[in-house]
1. Counting only protein heavy atoms and using a 1.4 Å probe, what share of the accessible area of region 1-102 belongs to carbon plus sulfur, as a whole percent?
2. For ASP5, ASP167, give me the order by solvent-accessible area with a 1.4 Å probe, most accessible first, ignoring ligands, DNA and RNA.
3. At 1.4 Å probe size, with every protein chain present, just tell me what the per residue accessible area of the chain comes to in Å².
4. Using a cut-off of 12 Å between beta-carbons, work out the net charge of the residues near TRP162 (Lys and Arg +1, Asp and Glu -1, TRP162 not included).
5. Please work out the FRET efficiency for the pair LYS66 and GLU163, using the Cβ-Cβ distance as r and a Förster radius of 22 Å; give the result to the nearest 0.05.
6. Provide the per-residue ³J(HN,Hα) series for region 120-128, in order, calculated from phi with Karplus coefficients 6.51, -1.76, 1.60 and θ = phi - 60°, each as a whole number of Hz, with x at glycine and proline positions.
7. For HIS89, what accessible surface area do you get with a 1.4 Å probe? Give it in Å², rounded to 10.
8. What is the set of long-range amide H partners of THR130 at a cut-off below 5 Å, with H atoms built 1.01 Å from backbone N?
Amino acid sequence: MKALDYAISYADRGWHVLPLHSVVDGKCTCGKVGCTSAGKHPQTVNGLKSATTDKDTINAWFKHWKNANVGIATGKISGIGVLDIDTRHGGEDSLDELVTKYGKIPDTVEAITQSNGRHIIFQYEEGFRTTAGKLGRGLDTRGDGGYIVSSPSVGLMGQYQWEASSDPSECPIVRAPAWVLQLLNRNKEIGRAHV
């Protein structure tokens, strides 16, 4: 399947999608020297505000930008909240600490990122915010005002793909454990405690 097919399938789920820049010959298609978000930022003029489920728009985008990566808007707009685990910055260790202290993460839809990190996808609930490091080192969240790069996108380090047993076409998306939302909405000392 091509990026367009994936984008349409996501829109069919009610997920708002947008075209992202891609990586060609080791460089971001945005053309900026030293781009720090290669293959990960929006192609559209209005960025994330352009995210849509309108198939005519999606078709036009992915026919115009044939190599575009696929982004999925998170938060209320798409009905999903995402726990983003960056393994290069200790995300798995931080998550292990939280799971040991508060309880396990339920089985839900999950993706493997280009750097072998993980996107764990939950049903959106009020309070599922977009944060960086609030839950601990290497743990970000994507809620309102956020987005994720999704399969079949390719970055500088590799491909984004759905985890085999947790593909959205075969696995239900469940609610996040209550402690995730509680920690996200507590005072800032929670974020500092795990840095």
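The values are calculated or read from the model by the stated rules, or taken from the named source; none is laboratory data. These numbers were taken from a predicted model, which means no experiment stands behind them. When we count neighbours, we look across all protein chains shown, and the Cβ atoms used for this are built from the backbone with ideal geometry, even at glycine. Accessible surface areas use protein heavy atoms only, side chains included; no ligands, DNA or RNA. Shrake-Rupley method; radii C 1.70, N 1.55, O 1.52, S 1.80 Å.
1. Values: 2540 of 5330 Å².
Carbon and sulfur together cover 48 percent of it.
2. Values: ASP5 60, ASP167 40 Å².
Solvent-accessible surface, decreasing: ASP5, ASP167.
3. Values: 9780 Å² over 195 residues.
Per residue, the chain has an accessible area of 50 Å².
4. Values: positive: ARG118; negative: GLU110, GLU163, ASP167, GLU170.
Result for the local shell: -3.
5. Values: r = 27 Å, r/R0 = 1.23.
Step by step, r from the Cβ atoms, then E = 0.25.
6. 9, 9, 10, 5, 5, 9, 3, x, 7
7. Roll a 1.4 Å probe over it and HIS89 shows about 100 Å².
8. For THR130, the qualifying residues are GLY143, ASP144.
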